[in-house]
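Enquirer: Once you've had a glance at the structure underneath, I'll fire off some questions.
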Amino acid sequence: LLSPEILTAADAADGFKVFNPKRIRIEVGLGKPLRVLHLSDTHLPLMTEGERARPLRDRLFRERSRCWAKAERSLAEAVVYARRENLPILHTGDLIDFLGEANVARAAEFAADPSVYAVAGNHEWCYFMYTRREEQGTIQEMFRERLDRAYRNDLEVSSRVIGGINFVGFDDWTYQVNERQDAFIRAEFAKGLPTVILCHCPFYTPKLHEDELKRHQGRLSGLIGIPPELHAKIVAANPSGEKWRVPTERTNAFFRWIAEQPNFKAVLSGHVHHYHAEPFAERVPQYVTSAHANGFAQEVLFV
């Protein structure tokens, strides 16, 4: 996975493009600029032969490996590029497409590099694809410790200081901020460092919300922190599918609070599989990156 030998002349023949990340610049007040590579939604669809011996798993593998046929090469190209340019890698979720032995092993191999900081997306908790929602909590608890070890951090909420910036990552697939996450993130902001949030599901911003509603016929937005009055309209359009995303009062209070933090500098996220840039709050941009499975990424220059 991590070797340049994976990248062959055959890649060019089938239309695979040379890795060329989108470049963005974020003002945070650093004395020395910091460049990082931001990836999201790699969707590795790997299985062992033993896993594929089970008919349902084999069908899942065949379907998803066709969908994400370039995922491994995309990851290999990104790693080669990051090493050549000496860039830390920030990965904001869905590194794997579903839970399984091969995918967890490959995720551990990728995250073993100390320059990689990876947080969770909703697919980190998928065992059989499209697992019933009521079962995902159980699956999450079953795999939590193992995935924490593979990704080398606490996937529920964690932080890492790189180049003078406090990067705070949290798992937001439930579209809520729980009590532990709330307390942890507030304590990180209290340290006073320039702080950047890493999460999978983007923070609510008006234009992105509008775009996602159009994509999903008004029945889904896929953002966290949607104002209650707007979320009520989505629930009315899709009551059986959207009640679970209704923000709690803690979640609403968290988003009111974080928007006012003077050392909050940016949000980096993914999930929607297309690029989008829009302010979350005054002087706080959000940059959503497109699906890395298809070769997309962002190179971010913090100054």
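The values are calculated or read from the model by the stated rules, or taken from the named source; none is laboratory data. Just so you know, these numbers come straight off a predicted model, no measurement behind them. Neighbour counts run over all protein chains shown; Cβ positions are idealised from the backbone, glycine included. For accessibility, only protein heavy atoms count, side chains too; no ligands or nucleic acids. Shrake-Rupley method; radii C 1.70, N 1.55, O 1.52, S 1.80 Å.
Enquirer: Check Arg73, Arg84, Arg57 and return the single one that is basic (Lys, Arg), surrounded by 13 or more Cβ atoms within 10 Å (Cβ to Cβ) and more than 22 Å from the chain's Cα centre (by Cα).
Expert: The conditions single out Arg57.
Enquirer: Here is a follow-up. For the structure I just gave you, tell me whether Gly222 is closer than 20 Å to Val272 by Cβ, among the small types (Gly, Ala, Ser) and outside any helix (DSSP H, G or I).
Expert: Yes, satisfied.
Enquirer: Ok, one more. I need every pair where a residue in the stretch 224-235 that is at pLDDT 95 or above and polar (S, T, N, Q) has its Cβ under 6 Å from the Cβ of a residue that is open to solvent by 10 Å² or more (accessible area, probe 1.4 Å) and assigned to a loop (DSSP other than H, G, I, E, B), sequence separation at least 6 or different chains.
Expert: Correct list of pairs: empty, since none qualify.
Enquirer: As an exercise: evaluate Thr205 against (1) out of contact with any strand residue (DSSP E or B) (no Cβ under 6 Å at 6 or more places or on another chain); (2) modelled with pLDDT of 95 or more and give the number of the one condition it does not meet.
Expert: Condition not satisfied by Thr205: (1).
Enquirer: May I pose another question? Scan the helices (runs of 4 or more DSSP H) fully inside the stretch 101-218 and keep the ones with 3 or more residues being open to solvent by less than 60 Å² (accessible area, probe 1.4 Å), touching a residue at least 40 places away in the same chain (Cβ under 8 Å) and closer than 29 Å to Glu27 by Cβ.
Expert: 179-189, 206-215
Enquirer: Condition first: modelled with pLDDT under 95, in contact with an Asp or Glu (Cβ under 7 Å, 6 or more places away or on another chain) and farther than 22 Å from Thr289 by Cα. Can you find one or more residues in the stretch 161-180 that meet it?
Expert: Checked against the condition, which is being modelled with pLDDT under 95, in contact with an Asp or Glu (Cβ under 7 Å, 6 or more places away or on another chain) and farther than 22 Å from Thr289 by Cα, the stretch 161-180 yields no hits at all.
Enquirer: Could you run through the stretch 42-54 and say how many residues are farther than 23 Å from His274 by Cα, among the hydrophobic types (A, V, I, L, M, F, W, C) and surrounded by 16 or more Cβ atoms within 10 Å (Cβ to Cβ)?
Expert: Of the residues in that region, 2 qualify.
Enquirer: Any idea which residue in the stretch 234-273 is least open to solvent (accessible area, probe 1.4 Å), counting only those that are of a type in the set (S, T, N, Q) and part of a helix (DSSP H, G or I)?
Expert: Only one residue tops the list, namely Thr251.
Enquirer: Scan the stretch 247-261 and give yes if some residue there is without any contact (Cβ under 8 Å) to a residue 40 or more places away in the chain, under 22 Å from the mean Cα position of the chain (by Cα) and within 17 Å of Pro285 (Cβ to Cβ), otherwise no.
Expert: Yes, because at least one residue in the stretch 247-261 is without any contact (Cβ under 8 Å) to a residue 40 or more places away in the chain, under 22 Å from the mean Cα position of the chain (by Cα) and within 17 Å of Pro285 (Cβ to Cβ).
Enquirer: Sticking with this structure for a sec: Considering Gly163, Gly169, Gly218, which residue is within 22 Å of the chain's Cα centre (by Cα) and on the phi > 0 side of the Ramachandran plot?
Expert: Gly163
Enquirer: In addition: Restricting to the stretch 268-303, and then to whatever is of a type in the set (S, T, N, Q) and farther than 15 Å from Gly225 by Cβ, can you tell me which residue is farthest from the chain's Cα centre (by Cα)?
Expert: The residue in question is Asn294.
Enquirer: Which members of the stretch 279-303 meet the condition of being in contact with a Leu (Cβ under 9 Å, 6 or more places away or on another chain) and open to solvent by 30 Å² or more (accessible area, probe 1.4 Å)?
Expert: Tyr287, Phe296, Leu301
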